[in-house]
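The values are calculated or read from the model by the stated rules, or taken from the named source; none is laboratory data. Remember, it's a predicted structure, so these values are computed and weren't measured experimentally. No Cβ is skipped: glycine too gets one built from the backbone with ideal geometry, and neighbour counts run over all protein chains shown. Quick note on the areas: whole protein, heavy atoms, side chains included, nothing else; ligands and nucleic acids left out. Shrake-Rupley method; radii C 1.70, N 1.55, O 1.52, S 1.80 Å.
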Amino acid sequence: RSSEVSDPVVIEVALNGGCKKSRNPNVPVTPDEIVADALACMRAGAQSVHNHIEDFRLTGAASAARYLEAWREIHAADPDVLLCPTVAAGATIEERSSHVEELAKSGIVRLGPLDPGSVNFSGPGIGERGLPGPDSMVYSHSYKDCAYILDQLDRRGTRSVGHRRLNVMPLIAVTKLH
């Protein structure tokens, strides 16, 4: 096989994964830290930046504004960079994805998160009977949730004829932890 790469590859950097400073003092969480690490990764070859904001409870315009504090500068450095948020906290899929439409309005965000399936997460420590600690949760998107996200993209005009095209497409992430 030839050593030449014939298929395009996009390298995405996931800057913080929702990790807190208390767990890793080097993790970027503020907009300035996210900008610095994103630009360093882009100089090393990353073409896509994914990060979490430090307050998962923010939704809609407030969440979008916090992402954009860092992303405007990242986009200014390279207008071709692909920026993708994570899903916000919230009781409903409408709440968890409300920031994506707000981010699309900025004109610099071209990817929206679509995480089908479920995965169990746990905070540090061991709970009763050796099970995960009290901060555990199931992160899930049902088929109905995935359909909502795809419909949301259609409403923004990414695939619909006759609507303003904002060029926001789903970034599908499948998490399988062992």
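Some observations on this one:
- Of all residues in segment 70-126, those satisfying the criterion of being without any contact (Cβ under 8 Å) to a residue 60 or more places away in the chain and hydroxyl-bearing (Ser, Thr, Tyr) are Thr92, Ser97, Ser98, Ser106, Ser118, Ser122.
- Against the conditions (1) in contact with a Leu (Cβ under 9 Å, 6 or more places away or on another chain); (2) modelled with pLDDT under 90, Ala65 satisfies every one except (2).
- Residues satisfying the stated conditions in segment 122-147, i.e. open to solvent by less than 50 Å² (accessible area, probe 1.4 Å) and under 19 Å from the mean Cα position of the chain (by Cα): His141, Asp145, Cys146, Ala147
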